[in-house]
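Just so you know, all these numbers are worked out from the coordinates, no wet-lab data involved. If you're wondering where the values come from, they're calculated on a predicted model, not measured in any experiment. Cβ: placed from backbone, ideal geometry, glycine included. Neighbour counts: every protein chain shown.
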Amino acid sequence: MRYNTIEQLDLDLLIALDALLRLGNVSQAAQELGVSQPALSSRLSRLRKLFADKLFVPATSGRGIVATPRAEALRLQLAGVLSQLHAMVSSPESFEPLRSEKSFILGLHQNPAAMVAPDLVPYVMALAPNIRLAFTWPPGEQIVEQLEAGTIDLVLGADFPLHGDLISRTLLEEPLMTAQRVGHPRGSEVMDIDAFCDYPHLVASESGASFSDSIDERLAAQGRSRKVVASISRYAVIPRVVEKSDCLCTLPKSFLERYGETLELFQPPVELEPARLCAYWHPRSHDDSAHIWLRAVISDLLAGKGIER
């Protein structure tokens, strides 16, 4: 019966064949493999059935064995197969940012993108000049699926619940500040609750359709309210509108400080929770050296260890 299917092949047979080809001696090969000569002879018998060839014959000198043409033809193929198997079980190469040409895909809300991207891109370029970053934002119901599939490496967003077994880390907590344009008719006095409620406001909304947020809830608890005249889905647009109007906006401090030449910042006259930025990733990527590097870079940057604001 001829055994010539892949199911009949196991790693022990390949290792035995390699040892016999290299050493040309059954006893020496058995010693190297740590098996008895009868056990190695049994493996050779299986190899002969598998390849339908004797593979080795006794040497005319009486010492050792000689490979048949079929066995010689297998020599190079076997070396390649074993090399690939060794590579499969070897530890992966460590990630080297300076040499890597990897592309990372980051899923971001529009608002965190405005806070993170301006500093993250030049920071990564300085550390790893050949790495590329792609910023995208998938529909909420696809976030877990895309992280699991690896089509997105990391999601950066507000502190919000996501379904699935995602891992998360809070990267940034910072106070909210209220901004007005330079030369605002209100003047530059401390922002009190009356002024805060008297002037029109802009709010940031991912959908661009909500005219209230947690600030309105805090005001309502004090029996106060403000007038929201516009809801804008992108952080980057809001300061431009504030610069050209008498509207106020209340956004994360580090973001508003980018517009220090045209905006004046004030402590809001109502107690507010800090803005939070979190990272989310799938367990499949948790121990990947490149992914660990990316998370550390973003964390260090937002902790103030990177480019100065």
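For region 176-273, the calculated P(r), taken from all Cα-Cα distances in 10 Å bins from zero up to the bin holding the longest distance, is 17, 55, 28, 1 percent. Which percent, nearest 5, of DSSP beta bridges in the chain are antiparallel? Bridges in the chain are about 60 percent antiparallel.
Considering only Cα atoms, the convex hull volume of region 6-89 works out to 95 Å³ per residue. Here is the P(r) of region 85-221: all C-alpha pair distances, binned every 5 Å from 0, give 2, 7, 12, 14, 15, 14, 11, 8, 7, 5, 3, 1, 1, 1, 0 in whole percents.
Spin-label pair Arg75-Val237: with each label point 7 Å from Cα along the Cα-Cβ axis, the two points sit 7.2 nm from one another. Segment Asp246..Asn130, full-extension length gain: 37.3 nm, with 0.36 nm per residue of separation and the alpha-carbon distance subtracted. Rounded to the nearest 0.05, the FRET efficiency derived from the C-beta distance between Ala117 and Leu82 at R0 = 45 Å is 0.45. Once the C-beta distance of Asp194 and Lys102 is scaled by a Förster radius of 51 Å, the resulting FRET efficiency is 0.40 to the nearest 0.05. Highest mobility in the GNM of the chain, judged by mean-square fluctuation with C-alpha springs under 10 Å and restricted to His201, His86, His286, is found for His86. If a/c stays under 1.5 just call it rounded; otherwise compare a/b with b/c (prolate if a/b is bigger, oblate if not). Do that for region 62-163, with a ≥ b ≥ c from the square roots of the Cα gyration tensor eigenvalues. It is prolate, given that a/c is not under 1.5 and a/b is the larger ratio.
Distance from the alpha carbon centroid of region 145-202 to that of region 11-46 works out to 67 angstrom.
Its residue count N fixes a reference of 2.2 N^0.38 Å for the chain, and the Cα radius of gyration divided by that reference is 1.70.
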